[in-house]
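The structure appears below as structure tokens.
The values are calculated or read from the model by the stated rules, or taken from the named source; none is laboratory data. Since the structure is predicted, the reported quantities are computational estimates derived from the model, not experimental observations. Every residue, glycine among them, receives a Cβ derived from its backbone with ideal geometry; neighbour counts consider all protein chains shown. Quick note on the areas: whole protein, heavy atoms, side chains included, nothing else; ligands and nucleic acids left out. Shrake-Rupley method; radii C 1.70, N 1.55, O 1.52, S 1.80 Å.
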Amino acid sequence: MMILLKKMKKMMTMMKRVKKVMRRKKKWERKRNRKMNTLLLEILLLSRHVRLCLFDGSKVLSNIHTVRATWQPKKPKTWTFSPQVTGTLPCLLDGDCFIRSNSSSPDLGILFELGISYIRNSTGERGELSCGWVFLKLFDASGIPIPAKTYELFLNGGTPAEKGVEVDPSVSRRAPGSVFYQMMTMRRQPQLLVKLRSLNRRSRDLLSLLPETLIGSMCYIHLLVFYRQVLGDVLLKDRMSMQSADLISNPILATFPKLLEQPDVMDALRSSWAEKESTLKRSEKRDREFLKAVFLLVYHDCAVPLLHSTLLPPFRWAEEETEAARWKVITDFLKQNQENQGSLQALLSPEGVHEPFDISEQTYDFLDEVRRKQLDGGGHDCQLP
């Protein structure tokens with residue numbers, strides 16, 4: 001009987017603690033929601049996104065890749081990558097990324113930074129705000145790659161050079177209290193779920209054709225491979241001399257890197273290539289030279305006219321009206337191409353206005369990458385080598 005009473009007393013004490021913790025949680029959430037509502041009245045969120053790159057603890061070792069997040073109005077605090085959509089998933093929303101590196105650093109890892117783009121309602125000022133960062137080291141202490149699985153990574157505040165900075169000090173991970181209270185606090189900590197997976201043989205073969213250091217989206221990796229193959233042909237086969245450093249006339253080499261800065265034009269090229277590829281025979285798909293020749297035709301029909309069209313507004317990050325206007329021009333152009341079996345009629349139409357011809361549309365300088373790296377002290381550009 002005494003044992004039962006002691007157990008009941010312990011249970012009652014535990015229940016009181018739970019109720020106390022829950023009251024604290026509700027009070028804290030009401031206070032936080034009031035702050036959030038005040039902030040949301042002052043600014044308009046334009047984009048939620050994550051930027052990732054290779055990092056060794058002191059410097060960036062690759063290009064910086066951006067993936068935009070989506071969210072549901074009922075759960076605005078939950079960011080989703082690679083959402084289920086009808087049709088082709090835009091590459092900007094594709095969270096299925098590849099990482100390729102030749103670094104031998106034992107501290108090599110992936111640096112993730114979550115952020116938002118916003119505009120102030122009162123002044124119209126635009127800006128970006130970091131929502132936290134996290135670093136996933138790719139090798140353990142003995143130099144063995146970490147296993148392919150899903151990692152739950154708690155976000156840090158401040159910068160990667162600062163250690164122990166909380167994203168939100170009001171829910172500190174080091175908060176004093178009971179074990180149960182600490183568990184409840186940890187559940188409120190913002191975290192990023194990252195899934196590492198091993199590659200199949202086909203994906204490994206494709207990645208082997210890319211630059212030694214690069215981060216990008218898996219959805220357009222086959223287009224990058226075509227670009228690299230064309231680049232290899234021009235530099236190794238078509239030049240009169242290997243010692244020549246003259247400018248090269250090739251519209252694909254001159255313009256393809258711009259597609260990485262304009263993801264909607266990259267999506268148009270993906271769509272056009274997928275449509276063309278679906279009409280090819282199996283024997284044609286196995287012929288690499290034939291596929292490359294067809295890709296060149298598709299690129300000239302799709303990407304080149306769009307990149308130099310005056311109807312296409314300049315690309316601006318996280319501007320919904322501009323993005324919608326650009327996509328309307330792109331879809332109308334693709335529809336005309338489909339109806340007319342190519343872009344020739346649209347290019348010759350008096351309604352199609354294009355920029356005056358510039359020699360840079362045709363000129364490729366393979367030494368330009370070296371010059372840029374020398375000028376910026378070895379920094380990493382988003383241009384594709």
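Things worth noting here:
- The condition (being on the phi > 0 side of the Ramachandran plot and in contact with a helix residue (DSSP H, G or I) (Cβ under 9 Å, 6 or more places away or on another chain)) is satisfied by just one residue among Ser122, Ser82: Ser82.
- Any hit, the range 369-385, residues being outside the structural domain of Asp301 (by the TED database), of a type in the set (A, V, I, L, M) and either at pLDDT 65 or above or within 22 Å of Pro263 (Cα to Cα) (or both): yes
- Cross-chain or 6+ apart pairs with Cβ under 9 Å, the range 276-294 first and open to solvent by less than 60 Å² (accessible area, probe 1.4 Å), then in a helix (DSSP H, G or I) and among the charged types (D, E, K, R): Leu291/Glu277; Leu291/Glu284; Leu291/Lys285; Lys292/Asp233; Val294/Lys276; Val294/Glu277; Val294/Glu284
- Considered as a group, the residues in the range 39-60 that are touching a strand residue (DSSP E or B) at 6+ places or on another chain (Cβ under 6 Å) and open to solvent by 30 Å² or more (accessible area, probe 1.4 Å) include one that is farthest from Leu138 (Cα to Cα), and that residue is Leu44.
- Within the range 248-275, restricting attention to residues that are in contact with a helix residue (DSSP H, G or I) (Cβ under 9 Å, 6 or more places away or on another chain), closer than 20 Å to Trp327 by Cα and not in a helix (DSSP H, G or I), the residue that is most open to solvent (accessible area, probe 1.4 Å) is Leu260.
- Looking across Val298, Val329, Val304, one residue alone is part of a helix (DSSP H, G or I), in contact with a Lys or Arg (Cβ under 6 Å, 6 or more places away or on another chain) and assigned by the TED database to the domain that holds Phe357. It is Val298.
- Residue match in the range 310-328 (condition: of a type in the set (Lys, Arg), out of contact with any Leu (no Cβ under 6 Å at 6 or more places or on another chain) and open to solvent by 40 Å² or more (accessible area, probe 1.4 Å)): yes
- If you go through the range 85-99 and keep only what is surrounded by fewer than 16 Cβ atoms within 10 Å (Cβ to Cβ) and either at positive phi or in contact with a strand residue (DSSP E or B) (Cβ under 8 Å, 6 or more places away or on another chain) (or both), you end up with Gly87, Asp96.
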